[in-house]
Amino acid sequence: MAQIERARKEGSVDLSTAEDLSLAVMNLISLEEHFFFTAMKTGRDEYLDTSAEIRNMRKELLAELMPNHEGETWCASKHLLSSTMRLIEVANKLQSANKKKEALELFKKAYQVYAIFWALKLKLINSENIKTAATSSDRLEDLVTKLADCCQE
């Protein structure tokens, strides 16, 4: 943590672009799912072709985020981003239904999962110790807050 904080202060670490890219990957995963369900609901196979195009784009961009993956870290990162997106979407729906307490809990869980993604990406953890990271993610969340500042240019 100290090394990363020092690097951030020196300006040699800026994850704002990677943060934006991670959000794009989340949305591409969601689009893959939506085109799949649209194909199934409408019986129109061309939506599966669109889903495949989106999947290829998502794979390419995820490779930029996770260029040095090992073992299951590729899939884990994809599922961490996907879970983050889904938790945010459910929390937004709860908030719209004026269930603010439940929404806040899910927003917190989304951020916790997102922090685990960043710890995996930065190789602070590996796929084998994600469970431990999930139960003690406060430091990981602090890291994301400090490093992934989309407002830095």
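The values are calculated or read from the model by the stated rules, or taken from the named source; none is laboratory data. What you are looking at is a predicted structure, and each value in this text was computed from that prediction instead of being measured. A quick note on method: Cβ atoms are made from the backbone with ideal geometry, for glycine too, and the neighbour counts reach across all protein chains shown.
Brief remarks follow.
- Only residues that are without any contact (Cβ under 8 Å) to a residue 60 or more places away in the chain and either of a type in the set (Gly, Ala, Ser) or farther than 16 Å from residue 77 by Cβ (or both) were counted in the stretch 18-56, giving 26.
- Residues within the stretch 42-71 that are of a type in the set (Asp, Glu) and either under 15 Å from residue 122 (Cα atoms) or in contact with a Pro (Cβ under 6 Å, 6 or more places away or on another chain) (or both), tallied: 2
- Residue in the stretch 22-43 that is nearest to the chain's Cα centre (by Cα), counting only those that are among the polar types (S, T, N, Q) and either exposed (fewer than 15 other Cβ atoms within 10 Å of the Cβ) or closer than 20 Å to residue 84 by Cα (or both): 22
- Scope the stretch 32-50; condition in contact with a Lys or Arg (Cβ under 8 Å, 6 or more places away or on another chain) and either under 29 Å from residue 17 (Cα atoms) or outside any helix (DSSP H, G or I) (or both); matching residues: 32
- The stretch 49-73 - residue that is closer than 20 Å to residue 119 by Cβ and surrounded by 17 or more Cβ atoms within 10 Å (Cβ to Cβ) and, of those, modelled with the lowest pLDDT: 69
- Within the stretch 104-126, being of a type in the set (S, T, N, Q) and either buried (at least 18 other Cβ atoms within 10 Å of the Cβ) or more than 14 Å from residue 80 (Cα to Cα) (or both) holds for one residue alone: 112.
- Scanning the stretch 51-87 for residues that are part of a helix (DSSP H, G or I), more than 19 Å from residue 35 (Cα to Cα) and in contact with a Phe, Trp or Tyr (Cβ under 7 Å, 6 or more places away or on another chain) returns 77, 80, 84.
- Just one of the listed residues (5, 46, 19, 10) is over 22 Å from the mean Cα position of the chain (by Cα) and modelled with pLDDT under 95, and it is 10.
- Number of the condition not met by residue 94 [criteria: (1) touching an Asp or Glu at 6+ places or on another chain (Cβ under 8 Å); (2) within 23 Å of residue 24 (Cβ to Cβ); (3) at pLDDT 95 or above]: (2)
- Residues of the stretch 103-119 that are among the aliphatic types (A, V, I, L, M) and either modelled with pLDDT under 85 or under 16 Å from residue 26 (Cα atoms) (or both): 110, 113, 115, 116.
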